[in-house]
C-alpha cells in the first residue's frame, strides 16, 4: 500500500491531486493495470471532475452548501455533520486505469480530494494491480 | 482497455448500457473476474439501479433537478455547472463481478450512463481482471 | 463470490457491517489484496464513514430526508422513489484494501449498509483479488 500525504488549506476545498497520483503510479513502474484509491477519512472524499476551469470547483462547493443544509438539528457534537454527509454523497473509493505507465483520464478529468472539514493533513492510500 | 461508444439523445437521460457492457464482457471470454468501468467525462456519470419500471429513471432526474438548483449564482461560464455537480454526486467509477462469463447483477439491477449535459457521443472505458 | 446476509430493522437504517466483511476476509485467508463489495439491491447502498459517534448515522439519514424530498410528484408506483434516488447518490460498489489479513480502514471508518426501504433481508456480495 502506498500512502500519499495531502495538506488542505481551507474549511472546504477541492484540491487537485492528479500529479500526486501520477507520481506514485510512475514510481511503481507498472505499464498496464488499475490503481485503486482509498480515502481513509470520514470528512473528506475523492472525486474525478473538470480540470480546466477552476470555477467548477467553487460551483461544486457552493451547490453542496445549498444541498446539505447547515441549520438542521444535527446531534453530532463536533459540528461537522455536513462534512460527513457530503463525504457519503461523494464517495471515498475509486479505481482508475493505467495505460502505458500513465493514468488514463478523459481530456477534462482531474482527480480531486474534496475537503469538507479542513484545513488538515490528509492521506490517500493506493494499491495497484497489473493487468 | 475496451472502449464502448454511447449516443445519448436528450439534455438529461438515464440510458441503459447493461447490454453494451455484457457484450464487451462476453467478447473478452473471461469466466470469472471483475469488470471495472470508467466514465471519462465530467458531465455524465455511471450508476446501477432499477431495470424494470422506467418511471424510476424519470423520478431520479426530477429529484436531481430539485436537489441541484439551476438558479444559484454559478461562475462556470459554460452554463452546465449542475451537470458537473450531479456527476460528482453520482460517481464515474464502478466495479462489477463476472461469474460464469456473465455480469453478476441483482434481480432488479441495470447499469446506466446518467447523461446530464447531452445529447452527446459518450464513451465508457472497461478493464477486466480475472479471479 | 462470497455472499453475506444482512437483516435490516427499520425503513431507514445505517447498519454497521464492518465485522461481517472482516469475517469474510479472514475466512478467505488472504494476506494482501483488495476486497470488492457489490450491493445487489436498488434501494439500499454501501458507504464508509464514522464508526465512533452513532449520532452521525442519524444525522446522515435526517439530512438525506431533507435533501431528497418525499413530496415530489414521483411516478414510480411502489412509493419508494426516494430510496432509489438515495441509493444512486450513495453508490453500491466499493473497493477496500487488505493488509496482513485485515481490512485497512482509517481510524474512524466503518463499513455501512445504508437501508432506505426496509426492513428487509439484504445481501452483500464480495470478491477478493490478491496483490
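The values are calculated or read from the model by the stated rules, or taken from the named source; none is laboratory data. Just so we're clear, the structure is a prediction, and the values are computed from it rather than from any experiment. As a convention, Cβ positions derive from the backbone with ideal geometry for all residues, glycine included, and neighbour counts pool all protein chains shown.
Among the residues in segment C:72-85, are any closer than 21 Å to residue C:123 by Cβ and under 13 Å from the mean Cα position of the chain (by Cα)? No, because not a single residue in segment C:72-85 is closer than 21 Å to residue C:123 by Cβ and under 13 Å from the mean Cα position of the chain (by Cα).
Checked against (1) under 20 Å from residue B:94 (Cα atoms); (2) surrounded by fewer than 18 Cβ atoms within 10 Å (Cβ to Cβ), residue A:52 passes all but a single condition, namely (1).
With the condition kept exactly as written, say whether any residue in segment B:58-74 is closer than 23 Å to residue A:111 by Cα and assigned to a helix (DSSP H, G or I). The answer is no, given that none of the residues of segment B:58-74 is closer than 23 Å to residue A:111 by Cα and assigned to a helix (DSSP H, G or I).
What are the residues in segment C:38-57 that are under 11 Å from the mean Cα position of the chain (by Cα) and more than 9 Å from chain B (Cβ to nearest Cβ), if any? Selection gives C:44, C:45, C:46, C:47, C:48, C:49.
State whether one or more residues within segment A:2-14 are more than 7 Å from every other protein chain (Cβ to nearest Cβ) and more than 17 Å from the chain's Cα centre (by Cα). Even if it seems obvious, please write down each step before you answer.
Restricting attention to segment A:2-14, the residues satisfying the condition of being more than 7 Å from every other protein chain (Cβ to nearest Cβ) are A:2-14.
From what's left, more than 17 Å from the chain's Cα centre (by Cα): none.
Scanning segment A:2-14, I find no residue that is more than 7 Å from every other protein chain (Cβ to nearest Cβ) and more than 17 Å from the chain's Cα centre (by Cα), so the answer is no.
Restricting to segment B:76-99, and then to whatever is part of a loop (DSSP other than H, G, I, E, B) and at pLDDT 95 or above, can you tell me which residue is farthest from the other protein chains (Cβ to nearest Cβ)? Step through it out loud before you land on a result.
Here is the first cut: in segment B:76-99, the residues part of a loop (DSSP other than H, G, I, E, B) are B:76-80, B:91-92.
Those left that are additionally at pLDDT 95 or above: B:80, B:91-92.
Numbers: B:80: 9, B:91: 6, B:92: 5 Å.
Per the criteria, the residue is B:80.
Scan segment A:100-119 for residues that are surrounded by fewer than 21 Cβ atoms within 10 Å (Cβ to Cβ) and either at the interface with chain B (Cβ under 8 Å from one of its Cβ atoms) or over 24 Å from residue B:85 (Cα atoms) (or both) and the total you get is 8. The lone criterion from (1) modelled with pLDDT under 95; (2) in contact with a strand residue (DSSP E or B) (Cβ under 7 Å, 6 or more places away or on another chain) left unmet by residue C:32 is number (1). What about residue C:63, is it under 23 Å from residue A:69 (Cα atoms), crowded, with 18+ Cβ neighbours inside 10 Å and more than 10 Å from chain A (Cβ to nearest Cβ)? No.
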